[in-house]
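Q: Below is one structure. I have some questions about it.
The values are calculated or read from the model by the stated rules, or taken from the named source; none is laboratory data. What you see is a predicted model; the values in this text were computed from it and never measured. We place every Cβ from the backbone using ideal geometry, glycine too, and count neighbours over all the protein chains shown. To get the accessible areas, we keep the full protein, side chains included, count just its heavy atoms, and leave off ligands, DNA and RNA. Shrake-Rupley method; radii C 1.70, N 1.55, O 1.52, S 1.80 Å.
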Protein chains: 4
Amino acid sequence: MSQTTDSQNPAPRIGVLTGGGDCPGLNAVIRAVTKSLIYQCGAEVIGVEDGFLGLIEHRVRPLDWRSVSDILATGGTVLGTSNTASPFAWHGQDVSQAVLAYARELGLQALVAIGGDGTMTMAHGLAQRGLPVVGVPKTIDNDIAHNERSFGFDTAVATVTEALERVQTTGQSHGRVMIVETMGRYAGWIALEAGMAGAADVILIPELPYSVEAIAAVCRERSRARRCTVICIAEGAAVAGGGMTIERTVADSPDPLRLGGVGHVLRAQLQPLIEAEVRATVLGHVQRGGSPTPFDRVLATQYGNAAAQLVLRGEYNRMVTLQHGAMTSVDLASVAGRNRTVPTDHPLLVCARQIGVCLGQG
Amino acid sequence: MSQTTDSQNPAPRIGVLTGGGDCPGLNAVIRAVTKSLIYQCGAEVIGVEDGFLGLIEHRVRPLDWRSVSDILATGGTVLGTSNTASPFAWHGQDVSQAVLAYARELGLQALVAIGGDGTMTMAHGLAQRGLPVVGVPKTIDNDIAHNERSFGFDTAVATVTEALERVQTTGQSHGRVMIVETMGRYAGWIALEAGMAGAADVILIPELPYSVEAIAAVCRERSRARRCTVICIAEGAAVAGGGMTIERTVADSPDPLRLGGVGHVLRAQLQPLIEAEVRATVLGHVQRGGSPTPFDRVLATQYGNAAAQLVLRGEYNRMVTLQHGAMTSVDLASVAGRNRTVPTDHPLLVCARQIGVCLGQG
Amino acid sequence: MSQTTDSQNPAPRIGVLTGGGDCPGLNAVIRAVTKSLIYQCGAEVIGVEDGFLGLIEHRVRPLDWRSVSDILATGGTVLGTSNTASPFAWHGQDVSQAVLAYARELGLQALVAIGGDGTMTMAHGLAQRGLPVVGVPKTIDNDIAHNERSFGFDTAVATVTEALERVQTTGQSHGRVMIVETMGRYAGWIALEAGMAGAADVILIPELPYSVEAIAAVCRERSRARRCTVICIAEGAAVAGGGMTIERTVADSPDPLRLGGVGHVLRAQLQPLIEAEVRATVLGHVQRGGSPTPFDRVLATQYGNAAAQLVLRGEYNRMVTLQHGAMTSVDLASVAGRNRTVPTDHPLLVCARQIGVCLGQG
Amino acid sequence: MSQTTDSQNPAPRIGVLTGGGDCPGLNAVIRAVTKSLIYQCGAEVIGVEDGFLGLIEHRVRPLDWRSVSDILATGGTVLGTSNTASPFAWHGQDVSQAVLAYARELGLQALVAIGGDGTMTMAHGLAQRGLPVVGVPKTIDNDIAHNERSFGFDTAVATVTEALERVQTTGQSHGRVMIVETMGRYAGWIALEAGMAGAADVILIPELPYSVEAIAAVCRERSRARRCTVICIAEGAAVAGGGMTIERTVADSPDPLRLGGVGHVLRAQLQPLIEAEVRATVLGHVQRGGSPTPFDRVLATQYGNAAAQLVLRGEYNRMVTLQHGAMTSVDLASVAGRNRTVPTDHPLLVCARQIGVCLGQG
């Protein structure tokens, strides 16, 4: 709880905001940024409410030691977030100069922006216009470039794993095929790790188009052995060939399956080919919420502290990343718009194949 | 592990089966029936596979002490179950005499049937044709007549509560309205208890038709206070007035909302009336699976043991029930086809109202 | 969030405090008392800090709707508690008149006191001197007279059950005898229910003195079958005969076993009699902490709301209780100093015996 | 479930055993080894019971696809384990030649040995005498040389974190100092990671001797701010200076604190220096048991599969390790007897310091 201030230099003021979708561990990052800056240089930390919206609407509040003391394990973000508010396109207007003026008015020496792709792009934009920023990557999908493992991902995997275990007991009791649809529109990390942790028999990810017949064959073989089949499918997974993704399929037609998601699409594809009953569950928003796992709390704390170190060293316009197991940073400009998908020779995919998990092909 | 056998009287043979949908605690019941019968009278316990289907297809296996020793905490049923196989309507035939003959051939002195309404009706039918049966009620919805609290219900409530907590953090971070749809087609027990445990702001159950406007008013008031709104809705809940239930609404039209469930229907009803974003999650099958809570393990053990006591005392054609906190039994005939819904003056409903939870009306 | 106030009568002011040891669900009670009183009569609720100490030291704070909105699922008590501070014996002085004067000064119409035996006795004392009080019983041990099931108990049982499951896997891997000591100095409810939920092979409670030889016999028989033995022992359990309880044993001598607790005493008693390694774990304080189970949240909410109803109806000097599954109340005077222990013919004890659990005798 | 066999070459037979203390994830390793070998080369996998004891006492059993299908998430080891049975010192005799003869008799082409230091040493010994072995490192303490992260560690951290959270709520309610003692005799990994995840205010590890006065200062400062203090201490932590470790302190005297562990020693050291009540909990065996976290299931699966790949490539007398985030292997000889402790400049230690966690010094 100690803090150091230098009577000559007033305490620096640093802003913090969270942008984009909810993700377990955001509060742990906020806490670590705040504690680290207060503890190491007696900074005044200013929390910006609801992402960049708070800078647009002038809604901020101070974050002191006590206000972040009990948030390590809580889900969500105490600062609030917004998905869409951009200083560069606010109701059709570029209000970035007003935002920069407000930041100057607040006396912000720097801004720590915690968020995904969109947040990093906006942060980069403000940095180019003169506001020193440090980015902290947030993606529950684990798909940010240059970043090995994102906080929140372990928690999402745990949530999906629990769901797989739950449907497994029902599936086995009834001899059914149980489909669980996870997040992952472009990258299959969650489905892959949770599928492995939840003993899925079939794992389907966007990176590997699947054959319905191959999956049906697995189901039939397992039914013969009186076993259920558990399928873990990422929302972005699609049938191989035909050049048509599920997404396009459902976008093109007022399809009753639309709301059901790709899990229900697969169910409709699979049921005619096999005898066993097929059931699908779409996990949805529960994957984003809840208390972070201990792993994610530690990871998020390290991200937050690393961001504080960049601020303390004056290394701005960079984004904290985890590379080779260590915290480091990359230029903000090098990140935006790049996704990290699962390489088809990724060790965990290879491992899945070697222990007999079906990845959608024969 | 001790057991008593009487050299004069051979050990009695008792059959056990589980029918109907999966429910946490089934294995705990099987274990208690088996251990109690073995421990108290050295019985041979015969497990019937996949509900009545096992009696039709002659698939049984012995259950000894060891085979039930590690199943107390496991979800599902080690015996398997089937929803539909009836001795009285098997591919259009009444095969009940064949089933009775098989039971005689096996030397079954009695059959313990664990299941829901359908299973109790079939068990009663076999009882009337001469097979001594004892029923154990199973309903995750907690809606069997004469029965205060069913095993599996506490686990389902815990699963839904966790989901409510997860979406709450996301809802609060984004200022959203979050809808979670639970099981409960006719009875709202799960939505009510989980809604109370998960701090839902609005709880909607089949017993209390709801007003969309009243719910919208709650959402708007909470948004003004910068709070999210969490709504817990049972799948059987319906709009008041108009005489039209959701179920009929969606059955009558090839509605794209159908697969989404009533949660998505409410979302579509609510979104036009409020500014905050509305998101819906349908929990589905995860509510039936998983390891039973400690409470359910103890409760299921008591149900199983109570069934064994009925067998030991030769009190057949009865169903075990929990009344006034104690295990007792009722005539099988008095149960079938009756549902226990939430009385509109139930203490927990009254409590919900008194602490300001919206139950769908103004 | 609505509330009603009557312009004629000013809003009543009601105090709330929590006394005695920590217990999961305290915050749920505080929340329900507060919400119910605000929602139903627009009361001003005053939180008293650290039990009666807050009344002695004049430390109170208002509890409004928002301040209790996010505490349903949190462990501990936001008001703080104290075990020992008594208005009737504060550093050797009776300061009860000062406390009453302070309550008058605050304008408290009534005080809701949430706590155990000690708290109820003090509350009763203040009631007799003129402060209207309503008691809410709190006991993690589930041993308050006239009260079927206390909030917090289900959570403690869940914590112990999880510990039993954890040591079971280790025990089975090594073929060991694993002892887990639980809370329960006078009443064995926790050990009994958790033992049943955690599949303990031996359950030892204060109400049933145990024979070391009988337990050793169980361990030996299980070792022969290559099974581990899991023993769940309440801290108050004691060897039969000899007239000497463990407590006295350890109190009388500077025993190295003292800090280890009765679990380590049993280990020392048992190890010489059997070949398998014996290991003991004393769970301690983890049993009191953590987030309440959904069951306890609902139960605690009902306790809190019932207390508010008593206040609203002006039924003072009573304690809320759960009887025959319904909330009711008893005279405060009838509670103090009475413990509810496990009757030796309690249905769950009988059930335990009937499925072959050893209760400490042959 | 497919498998390939070559009609020319009979299926290879591979043995698997688990040795040393229980650890979450052992079953996941066994499953992956078995599935990978069956799936890739149609191997016959032979499970050896109770570590090397099974090779000494001729107790083995086949492991087929089905027998490992449901064990991914279960704690413990289905094969059993033993801490002490060594082929090189069995009741004072070297029975290694008999063990090798038995392995030949079984037709084992290779042995996969999963275990800690002791197991690796014995495996290396057998390898030198001609039995091809592959080692899989197991250490809940995360302290095996050349190995970044051990399976089971994440689960132990999660267990400790939960305990820290539980005592935190009690500590805060009472304004206490709560001490939680974790495993970690020589390496502080568990205490460090769990302390960070559980928001401990003080973390004490064997690598950093502590000052009681420095800890007392933290407690006093927090008490003044009406906050509790949570201390996470590894069992091997010791007071700085004096040259005397706790272990020696308690070994030298018949100390009543002995059974209580270092947590109780610290309590005794600290209590006289501060006003707040100090309570200690020793977690003990619960840290070794239970279902592995999803993270550990995936990690253990990768260890098991990597071991199978070594067998398939004939790379014997090596131990699988995780280095720079990837599975690789090292010579068995290079491992034995080396511990991986926490470097005093480890990034997580640095991070802890930078956010104001007390590491035992002023």
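Q: Between D:A89 and the same site in the other copies, what are the distances in nm, shortest first, taking label points 7 Å from Cα along the C-beta direction?
A: 5.7, 7.1, 7.2
Q: Can you list residues whose amide H is under 5 Å from D:V112's amide H, if they're 5+ apart or on another chain and H is modeled 1.01 Å from N?
A: Sorted by chain and number, the residues that satisfy this are D:G15, D:V16, D:L17, D:V134.
Q: Moving on to the next point. Over chain C, with a Gaussian network built from C-alpha contacts below 10 Å, which listed residue (C:V16, C:V48, C:V99) shows the highest mean-square fluctuation?
A: Comparing C:V16, C:V48, C:V99 in a Gaussian network model of chain C, the most mobile one is C:V99.
Q: Connecting C-alpha atoms closer than 10 Å in a GNM of chain A, tell me which of A:G184, A:G92, A:G195 has the biggest fluctuation.
A: In the Gaussian network model the winner is A:G92.
Q: On to the next question. As an exercise, take the mean of 1/r over every pair of distinct alpha carbons in chain A, invert it, and state the Kirkwood radius in angstroms.
A: 21.6 Å
Q: Hey, what number do you get for the protein assembly as shown at 222 nm if only DSSP H runs of n ≥ 4 count, each worth -39500 (n - 2.57), divided across all residues, to the nearest 500?
A: Details: 44 runs with 530 residues, N = 1448.
Calculated at 222 nm, the ellipticity per residue is -11500 deg cm²/dmol.
Q: So what is the relative contact order of the stretch B:67-192, in percent, for Cα pairs below 8 Å that sit 6 or more residues apart?
A: 15 percent
Q: Can you list the residues of the stretch A:186-229 whose accessible area drops by at least 20 Å² going from the chain on its own to the full set of protein chains, with a 1.4 Å probe?
A: A:E193, A:M196, A:A197, A:A199, A:E221, A:R222, A:A225, A:R226, A:R227
Q: Another question, if that's okay. Going by accessible area, probe 1.4 Å, with all protein chains left in place, what is the ranking of D:T293, C:T182, largest first?
A: The ordering from most to least exposed comes out as D:T293, C:T182.
Q: Right, next: Can you sort B:C41, B:C232 by solvent-accessible area, 1.4 Å probe, largest first?
A: Reading off the accessible areas and sorting them downward yields B:C41, B:C232.
Q: For the residue pair D:H58 and A:S67, what label-to-label distance in nm results when each label sits 7 Å from Cα along the Cα-to-beta-carbon direction?
A: Distance between the two pseudo-spin positions: 7.5 nm.
Q: Would you mind computing, in nm to one decimal, how far apart the modelled labels at C:A89 and C:T328 are, each placed 7 Å from Cα along Cα→Cβ?
A: 3.3 nm
Q: What is the stretch C:158-287 by shape, rounded, prolate or oblate, if you read a ≥ b ≥ c off the alpha carbon gyration tensor as root eigenvalues and call it rounded for a/c under 1.5, prolate for a/b larger than b/c, and oblate otherwise?
A: On the way: a/c = 1.60, a/b = 1.22, b/c = 1.31.
Verdict is oblate for the stretch C:158-287.
Q: For helix A:117-128, what angle does its Cα long axis make with the longest principal axis of chain A, in degrees from 0 to 90 and rounded to 10?
A: Tilt relative to chain A: about 20 degrees.
Q: Here's something else I'd like to know. What is the stretch D:259-362's relative contact order, in percent, from Cα pairs under 8 angstrom and six or more apart in sequence?
A: Answer for the stretch D:259-362 is 12 percent.
Q: Let me cross-check A:D117: its accessible surface, 1.4 Å probe, with only protein heavy atoms counted, in Å² to the nearest 10?
A: The value for A:D117 is about 60 Å².
Q: Okay, moving on. Expressed as a rounded percentage, what relative contact order does chain C have, with Cα pairs under 8 Å and six or more residues apart?
A: Numbers: 813 pairs, mean separation 77.6, N = 362.
Relative contact order for chain C comes out at 21 percent.
Q: Now for a different question. Kindly tabulate the residues in the stretch C:55-83 with an accessible-area decrease of at least 50 Å² between the chain alone and the assembly of all protein chains, using a probe of 1.4 Å.
A: Hits at the 50 Å² cut-off: C:R66.
Q: Please work out how much length the chain gains when fully extended from B:E315 to B:R149, using 0.36 nm per residue of separation minus the C-alpha to C-alpha distance, in nm with one decimal.
A: Separation in residues times 0.36 nm, less the Cα-Cα distance, equals 57.5 nm.
Q: Between D:R104 and C:E221, what is the label-point separation in nm under the 7 Å Cα-to-beta-carbon projection?
A: 4.5 nm
Q: Could you work out how far helix C:294-313 tilts from the main Cα principal axis of chain C, as a 0 to 90 degree angle to the nearest 10?
A: Result, in degrees: 30.
Q: Which residues of the stretch B:326-362 bury at least 10 Å² of accessible area once all protein chains are present, versus their chain alone (1.4 Å probe)?
A: B:P347, B:L348, B:C351, B:R353, B:Q354, B:I355, B:G356
Q: Taking 22 Å as R0, compute the FRET efficiency from the Cβ-Cβ separation of A:A214 and A:Y186 and round it to 0.05.
A: With a Förster radius of 22 Å, E is 0.45.
Q: Shifting gears a bit: From the mean inverse distance of alpha carbon pairs (Kirkwood) and the Cα radius of gyration, derive Rg over Rh for the protein assembly as shown.
A: 0.94
Q: Continuing with the same structure: At a probe size of 1.4 Å, how large is the accessible area of C:L359, to the nearest 10 Å²?
A: That residue has around 10 Å² of solvent-accessible surface.
Q: What total accessible area, in Å², is buried where chains D and C meet, using a 1.4 Å probe and rounding to the nearest 100?
A: Values: alone 15630 and 15610 Å², together 28230 Å².
Summing both chains' loss of accessible area gives about 3000 Å².
Q: If you fit an axis through the alpha-carbon atoms of helix A:96-106 and take the longest principal axis of the Cα set of chain A, what angle between them do you get, 0 to 90°, nearest 10?
A: Helix A:96-106 sits roughly 50 degrees off the main axis of chain A.
Q: Counting only protein heavy atoms and using a 1.4 Å probe, what share of the accessible area of the stretch D:156-288 belongs to carbon plus sulfur, as a whole percent?
A: That share works out to 53 percent.
Q: Also, quick follow-up: Quick one: order A:F88, A:F153 from most to least accessible surface, probe 1.4 Å.
A: Descending accessible area places them as A:F88, A:F153.
Q: So with the 1.4 Å probe, I'd like the accessible area per residue for the protein assembly as shown, rounded to whole Å².
A: Numbers: 49060 Å² over 1448 residues.
Solvent-accessible surface per residue comes out at 34 Å².
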